[in-house]
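The values are calculated or read from the model by the stated rules, or taken from the named source; none is laboratory data. All of these numbers come straight from a predicted model, not from anything done at the bench. Ideal geometry is used to build each Cβ from the backbone, glycine not excepted, and the neighbour counts take in all protein chains shown. These area figures cover heavy atoms from the full protein model, side chains too; ligands, DNA and RNA do not enter into them. Shrake-Rupley method; radii C 1.70, N 1.55, O 1.52, S 1.80 Å.
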Amino acid sequence: MSNTKYILGSFADPDEMMDGIDKLQANNISIYDCFTPMPIHGIEAKLGVRPSRLPIAAFCFGGLGLILGFSLLYFTMSYDWPMNIGGKPSMPLPNFVPVTFEVTILLCALGMVATFFFRNHLFPGRAPRVMDLRATDDRFIIAIDARDNADHTLIDNLLKEAGAVEVKYNERKYVSYE
């Protein structure tokens, strides 16, 4: 088992998987990740996943859009080519609101999408990384790093006690779709 990278516990029911997480954590066994075909309420808190920092990135991109939108209008209307149109001021702030708002929303949305793709390593042409192909269909998978946890028989027994349908020893990091 020296080549084993991950121990995968496959469950048919999400409640059994949550029970398996509890049993593994009660025995101080670190869980690498869980893969499910649908969202499961409360699994992030159980695994200790920190909240996303995507809202902070959204705020930064929105602020950048606000500054760039206002700067564009100020430069074009007041600095580079000021025009006297009907005696109106060259820097009418209320007229800047719609364009500044639209540029703020545009940069915020594009920045959040780019940040999401970058953070999750979703680049064009990258092969999908899946531990077990059934995790996207009907199985709930708990992946345990075999190198961090030495007692593989204890892990195997705990997963089977919790109701695991199958326990696999994965030698490669990911399974490809081919």
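Which residue, of Leu66, Leu24, Leu47, Leu8, is farther than 28 Å from Leu154 by Cα and among the aliphatic types (A, V, I, L, M)? Answer to the selection: Leu66. For Ile85, the conditions (1) of a type in the set (Val, Ile, Thr); (2) more than 18 Å from the chain's Cα centre (by Cα); (3) more than 19 Å from Lys5 (Cα to Cα); (4) surrounded by 11 or more Cβ atoms within 10 Å (Cβ to Cβ) are fulfilled apart from (4). A Cβ distance below 8 Å, combined with a sequence gap of six or more or placement on separate chains, defines the contacts here; from the stretch 121-140, residues that are without any contact (Cβ under 8 Å) to a residue 12 or more places away in the chain and farther than 16 Å from Met38 by Cβ reach no residue that is open to solvent by 90 Å² or more (accessible area, probe 1.4 Å) and among the acidic types (Asp, Glu). Taking the options Glu102, Glu16, name whichever one is surrounded by 16 or more Cβ atoms within 10 Å (Cβ to Cβ) and among the acidic types (Asp, Glu). One residue alone meets the criteria, Glu16. Residue count for the stretch 1-25 satisfying the condition of being hydroxyl-bearing (Ser, Thr, Tyr) and either assigned to a strand (DSSP E or B) or under 14 Å from the mean Cα position of the chain (by Cα) (or both): 2.
Restricting the stretch 26-77 to residues that are of a type in the set (Ser, Thr, Tyr), exposed (fewer than 13 other Cβ atoms within 10 Å of the Cβ) and within 30 Å of Ile141 (Cβ to Cβ) leaves a set whose member that is nearest to the chain's Cα centre (by Cα) is Ser52.
Checking the structure you have, find out if any residue of the stretch 121-132 is assigned to a helix (DSSP H, G or I) and farther than 30 Å from Tyr74 by Cα. The answer is no; no qualifying residue exists.
Note on the stretch 1-13: among residues that are hydrophobic (A, V, I, L, M, F, W, C) and open to solvent by less than 60 Å² (accessible area, probe 1.4 Å), the one that is nearest to Val130 (Cα to Cα) is Leu8. The condition of being within 30 Å of Pro92 (Cβ to Cβ) and either β-branched (Val, Ile, Thr) or touching a Pro at 6+ places or on another chain (Cβ under 8 Å) (or both) does not hold for Ile31.
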